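Let me begin by presenting the structure, written as structure tokens, before commenting on it.
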Protein chains: 2
Amino acid sequence: MHLDQPRNQLLLGTFVHSKSRREIDIFHNAAVAVDSNGKIAAVERQCSNLEVAKAHALAKLGWSVDDVDIYTTKESQFFFPGFIDTHIHAPQYPNAGIFGKTTLLDWLEKHTFPMEVSLKDLAKARKVYTAVVRRTLCHGTTTAAYYATIDVAATNLLTDLCHAIGQRAFVGRVCMDRAEINPDYYRDESTEAALRATRQTIEHIRAVDPAFDLVAPILTPRFAPSCTSEGMRALAKLQREGGFLAQTHISENTNEIALVRELFPASRSYADVYDQHGLLTPGMVLAHAVHLTEEEADLIALRRSKVSHCPCSNSSLTSGAARVRWMWQKGIEVGLGTDVSGGYSPSILEAARQAALVSRHVAATRHNGDGDQEDHERCKLTVEEVLYLATRGGALCLGLEDRVGGFEVGKDWDAQLVGLGRVADSGLREGEEYTANGHGSGPAVNSAVAGAGFVVPAFNGSDEGNVDVFGWESWGEILAKWLYNGDDRNTKKVWVKGRLVHARR
Amino acid sequence: MHLDQPRNQLLLGTFVHSKSRREIDIFHNAAVAVDSNGKIAAVERQCSNLEVAKAHALAKLGWSVDDVDIYTTKESQFFFPGFIDTHIHAPQYPNAGIFGKTTLLDWLEKHTFPMEVSLKDLAKARKVYTAVVRRTLCHGTTTAAYYATIDVAATNLLTDLCHAIGQRAFVGRVCMDRAEINPDYYRDESTEAALRATRQTIEHIRAVDPAFDLVAPILTPRFAPSCTSEGMRALAKLQREGGFLAQTHISENTNEIALVRELFPASRSYADVYDQHGLLTPGMVLAHAVHLTEEEADLIALRRSKVSHCPCSNSSLTSGAARVRWMWQKGIEVGLGTDVSGGYSPSILEAARQAALVSRHVAATRHNGDGDQEDHERCKLTVEEVLYLATRGGALCLGLEDRVGGFEVGKDWDAQLVGLGRVADSGLREGEEYTANGHGSGPAVNSAVAGAGFVVPAFNGSDEGNVDVFGWESWGEILAKWLYNGDDRNTKKVWVKGRLVHARR
């Protein structure tokens, strides 16, 4: 048997995924069978033990145990759906954490446009794009909706890298065809040139992945101020003809909103600008939506456009705090975006954590205003809700709800194996040990240690990260601990479409 | 020469510390000499290269190169002062991340008191306290101001562990002598019993560390509602007599403030309660201070009490957002606290990051109110300012400004070696490599890879964490990257009083 031949896989143990926004489903002694096309072929949930689960799954599918690769969760491990990043700017990754005291418009000019334009150097683009695809995979991101740059060759390179490294991706060449707003050094020469370049990137994706099975195009008018009316209308037409997704920004910052009002005096609102240009469709992902009015939210809900909530970016760029609960109540589907590098982190787990925290700032701020306290408390998002945003919510935003986001028969196996550290009874992390300048010794507590030299604890090679499981926690508590202190060390393995694309030793 | 004999040390390379709140001082080709007592004996800054720095330092002190241990920073590494955690509840560490949708008062009852009381089981206390001391050291916390529990034996165990493991600590036995507020199962039997127990923990620390050189007592009335007036007055007297530090909570949550108003009708404010009981002294560390009035802030400034800002906790428990800039303008010294487990993270780097983000929520909220925008923008804290809070600010809060927080002759060597990851030109992290099911191969970009089997990148043992340095960043940008994406993986070594207490392999 050739190593490179895709094989059937059998995943055994504990599985966790969202049942609904409010409910997490945790099932043990279970089996998920994944066929050689990467699709979930069977799910066995109600088993008395793993051997039974394994036998049931194999029998149901008529598979032989010799023909499957088997992965079994250990203690404090579980399978979880891969994360979905509904908004990330690949070329901005080197700027992660670099934003100073800027807000949106000066941040674009000072940090963002200079970095983006520099990636027309393809060696630099290869370095940056490889790093961001690899890094997000390490964090468990199995699907990413990328903004690239205006450059066709570099955008095509991003497509190639996603396809080769194995991340499910939407790749969008950014359209910036309005002369008086975009900087001279970084803009489309004309609307026609923008459209031609966009088509070239779509054709490249079609050549690499004809069915758009792993990598697909996404139309990307940067944001209303960057685009001419003609440009936006042309992209809307392209969307209708090609059935593509589209993505843009909306209502992130108050100065930006004022600029939109000035540039589009005939539109009643920011959302109305997109609506008037035919872009407010069910296939549109709107990032941020921090300052939407009631009317705008109603319009977005009516058009079934989606919102990418980017909490790290909300905080970093002093944009405000988007109100997820309120958007849900309006009927809008919401996913999470890292918004690298408006957001400082490439991790969707960090975005989920910050979504919970930012929702508490929404609640705390409203405490100071009118209305009863119970109403404000409802603004807060639970662990279950932010993990839903990170998986099924994102899938819905990107039209992938039938393909990824949970563990059901017929879906693709886009998943991560999560493992958390256990604290031993000694109080040390399992895998951690003491060495006193090379010769082992424990901490001599209660004796006079101060003069006894250096006792240096160190990891013996395995570093399980910052989540300390003591052993008495419920599974709900374990998930909360993962959300609040987890990082890429806890993402042990990552699969996309059944292919193992990342593994930690 | 015996291994356990403390030796002189020479640190060479790049050093970073705060010069002032606004300014970070970064010096290269420098040497810091640390004597066998752990004190900085010489600092050589203006050298043309490391050999010169080394020679100057040795010559100045008359040390032989054979008698010193030498540590040299590599590329993308620097020495930084150890972090100072001015507010952490050691017994609550197992609950990190577990708070659900609670706010302060129900969180205390649901999560906190049950955990704290359970640590009278000394085996459990040893496990938890070892874990929290080790974990905070891993994150670079060289000094911690701990709340323990009401239990004397467990509090003494925390003292022993800090002393043995080598963390500089203030250990406070919690006083909770008010019968009608504290739960029946977790309170002091009487004011006398509380005082007696407090004295026992102080005497234990004196026995372990007579000069309070590494571990010192800190008087700890939990917060005003937990304490009787007699109890608070007795602690204030003990403070005056013994010259101890003290710590408590203030104005974290609006319901808590209402409770204080109800319990202490004779006091004009929460701060006034402490002032009337003699506790508002220069040696008092007040945690939170989210909802202080102008008058309270003026009073605290007048009394020269300190504030421990706990931004993770502000967000987690929906407390609000403390206004650091405003407290500074009032003349109050501020440090950072993790407030484990009201705060979800034991890392002061995370607290610094969240201090920057929470300050942006202060700014954004005020945008929606009156006043000019520039005034609101001033609420935001810079990278330099939050790193100051994490080091010199904390030292000032704990009366240690002459001993730790920066690299000056005469100070103790409480420091960390920080190292960041470099991205190779391939886009992989240095130390990361590709293996295709065991046989190495790079990603075959631009070729039809989809059918070519599994290409699994993995770390070859060294994991440099999430900060990706591309090579073109300024040092200011590198520090920003560390602040926003750094974690304990970047803290390579930690020293307290010259003793190496943590090292990553």
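The values are calculated or read from the model by the stated rules, or taken from the named source; none is laboratory data. In this text, all values refer to a predicted model and were calculated from it rather than measured experimentally. Glycine gets a Cβ as well: all are built from the backbone with ideal geometry, and neighbour counts include every protein chain shown.
Residue count for region B:488-503 under the criterion of being at the interface with chain A (Cβ under 9 Å from one of its Cβ atoms) and touching a helix residue (DSSP H, G or I) at 6+ places or on another chain (Cβ under 7 Å): the result is 3.
If you go through region A:226-266 and keep only what is out of contact with any Ser or Thr (no Cβ under 9 Å at 6 or more places or on another chain), in a loop (DSSP other than H, G, I, E, B) and either buried (at least 17 other Cβ atoms within 10 Å of the Cβ) or not assigned by the TED database to the domain that holds A:W107 (or both), you end up with just A:F244. For the residues A:E116, A:E109, the requirement of being assigned to a helix (DSSP H, G or I), modelled with pLDDT of 95 or more and surrounded by fewer than 20 Cβ atoms within 10 Å (Cβ to Cβ) singles out A:E109. Take region B:267-281 and flag every residue that is touching a residue at least 24 places away in the same chain (Cβ under 8 Å) and either in a helix (DSSP H, G or I) or of a type outside the set (A, V, I, L, M, F, W, C) (or both). Those that are touching a residue at least 24 places away in the same chain (Cβ under 8 Å) and either in a helix (DSSP H, G or I) or of a type outside the set (A, V, I, L, M, F, W, C) (or both): B:R268, B:S269, B:Y270, B:A271, B:D272, B:V273, B:Y274, B:D275, B:H277, B:G278, B:T281. The conditions of being outside any loop (DSSP other than H, G, I, E, B), in contact with a Pro (Cβ under 6 Å, 6 or more places away or on another chain), within 14 Å of chain B (Cβ to nearest Cβ) and closer than 30 Å to A:S308 by Cβ are met by A:T136.
Within region B:466-480, residues that are touching a residue at least 24 places away in the same chain (Cβ under 8 Å) and closer than 15 Å to B:S426 by Cα sit with their Cβ atoms under 8 Å from residues that are assigned to a loop (DSSP other than H, G, I, E, B) and small (G, A, S), at 6+ positions apart or across chains, in these pairs: B:D468/A:A96; B:V469/B:S76.
Hey, does region B:426-448 have a residue that's crowded, with 22+ Cβ neighbours inside 10 Å, at pLDDT 95 or above, part of a strand (DSSP E or B) and at the interface with another protein chain (Cβ under 10 Å from one of its Cβ atoms)? There is no residue in region B:426-448 that is crowded, with 22+ Cβ neighbours inside 10 Å, at pLDDT 95 or above, part of a strand (DSSP E or B) and at the interface with another protein chain (Cβ under 10 Å from one of its Cβ atoms). Here region B:202-215 is the region considered, the condition is being more than 13 Å from B:F244 (Cα to Cα) and assigned to a helix (DSSP H, G or I), and the residue that is farthest from the chain's Cα centre (by Cα) is B:A207.
Consider region B:352-364 and keep the residues that are farther than 18 Å from B:P81 by Cβ and of a type outside the set (G, A, S). The one that is surrounded by the fewest Cβ atoms within 10 Å (Cβ to Cβ) is B:V362.
Matching residues to (1) in contact (Cβ under 8 Å) with a residue 12 or more places away in the chain; (2) within 30 Å of B:E385 (Cα to Cα); (3) outside the structural domain of A:V469 (by the TED database); (4) crowded, with 18+ Cβ neighbours inside 10 Å:
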| position | (1), (2), (3), (4) |
| --- | --- |
| A:L11 | yes, no, no, yes |
| A:D25 | no, no, no, no |
| A:S36 | yes, no, no, no |
| A:N49 | yes, no, no, no |
| A:Y71 | yes, no, no, yes |
| A:E75 | yes, no, no, no |
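Go through region A:295-323 and count every residue that is touching a residue at least 12 places away in the same chain (Cβ under 8 Å), more than 20 Å from B:A321 (Cα to Cα) and assigned to a helix (DSSP H, G or I). Within region A:295-323, residues that are touching a residue at least 12 places away in the same chain (Cβ under 8 Å), more than 20 Å from B:A321 (Cα to Cα) and assigned to a helix (DSSP H, G or I) number 8. For region B:324-365, the candidate set comprises residues that are part of a strand (DSSP E or B) and either of a type in the set (A, V, I, L, M, F, W, C) or not assigned by the TED database to the domain that holds B:A90 (or both); within that set, the residue that is nearest to B:Q416 (Cα to Cα) is B:L336.
When region A:139-171 is filtered for residues that are more than 8 Å from chain B (Cβ to nearest Cβ) and of a type in the set (V, I, T), the ones remaining, listed by number, are A:T141, A:T142, A:T143, A:T149, A:I150, A:V152, A:T155, A:T159, A:V171.
Restricting B:D188, B:D209 to those that are in contact with a strand residue (DSSP E or B) (Cβ under 7 Å, 6 or more places away or on another chain), surrounded by fewer than 24 Cβ atoms within 10 Å (Cβ to Cβ) and either touching a residue at least 12 places away in the same chain (Cβ under 8 Å) or within 24 Å of B:H249 (Cβ to Cβ) (or both) reduces the list to B:D209. What are the residues in region A:72-95 that are among the polar types (S, T, N, Q), under 22 Å from A:F223 (Cβ atoms) and more than 14 Å from every other protein chain (Cβ to nearest Cβ), if any? Passing the criteria: only A:T86.
Among the residues here, A:R168 qualifies as outside the structural domain of A:A415 (by the TED database), within 17 Å of the chain's Cα centre (by Cα) and surrounded by 24 or more Cβ atoms within 10 Å (Cβ to Cβ).
Picking from residues in region B:140-185 that are assigned to a strand (DSSP E or B) and hydrophobic (A, V, I, L, M, F, W, C), the one that is nearest to B:E350 (Cα to Cα) is B:A144. One residue is enough: does region A:76-91 have a residue meeting the conditions within 30 Å of A:A123 (Cβ to Cβ), in contact with a helix residue (DSSP H, G or I) (Cβ under 9 Å, 6 or more places away or on another chain), outside any loop (DSSP other than H, G, I, E, B) and of a type in the set (S, T, N, Q)? Yes, region A:76-91 has at least one match. Filtering B:G405, B:G410, B:G394, B:G399 for residues that are buried (at least 24 other Cβ atoms within 10 Å of the Cβ) and either assigned to a loop (DSSP other than H, G, I, E, B) or over 22 Å from the mean Cα position of the chain (by Cα) (or both) leaves a single hit, B:G405.
Can you confirm whether B:L349 is surrounded by 24 or more Cβ atoms within 10 Å (Cβ to Cβ) and farther than 16 Å from B:T136 by Cβ? No; evaluated as a whole, the condition is false for this residue.
Yes/no per residue for (1) within 17 Å of B:A287 (Cα to Cα); (2) at pLDDT below 95:
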| residue | (1), (2) |
| --- | --- |
| B:W326 | yes, no |
| B:Q329 | no, no |
| B:I332 | yes, no |
| B:G342 | yes, no |
| B:L349 | no, no |
| B:A364 | no, yes |
| B:L381 | no, no |
| B:E385 | no, no |
| B:T391 | yes, no |
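Against the condition surrounded by 24 or more Cβ atoms within 10 Å (Cβ to Cβ), touching a residue at least 24 places away in the same chain (Cβ under 8 Å) and either assigned by the TED database to the domain that holds A:E180 or within 24 Å of the chain's Cα centre (by Cα) (or both), how does A:F223 come out, does it pass? The answer is yes for A:F223.
Per-residue answers, yes or no, for (1) within 14 Å of chain A (Cβ to nearest Cβ); (2) in a strand (DSSP E or B); (3) not basic (K, R):
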| position | (1), (2), (3) |
| --- | --- |
| B:T14 | no, yes, yes |
| B:V43 | no, yes, yes |
| B:A53 | no, no, yes |
| B:D69 | yes, yes, yes |
| B:G97 | yes, no, yes |
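For the residues A:G453, A:G476, A:G498, the requirement of being modelled with pLDDT under 95 and out of contact with any His (no Cβ under 6 Å at 6 or more places or on another chain) singles out A:G453.
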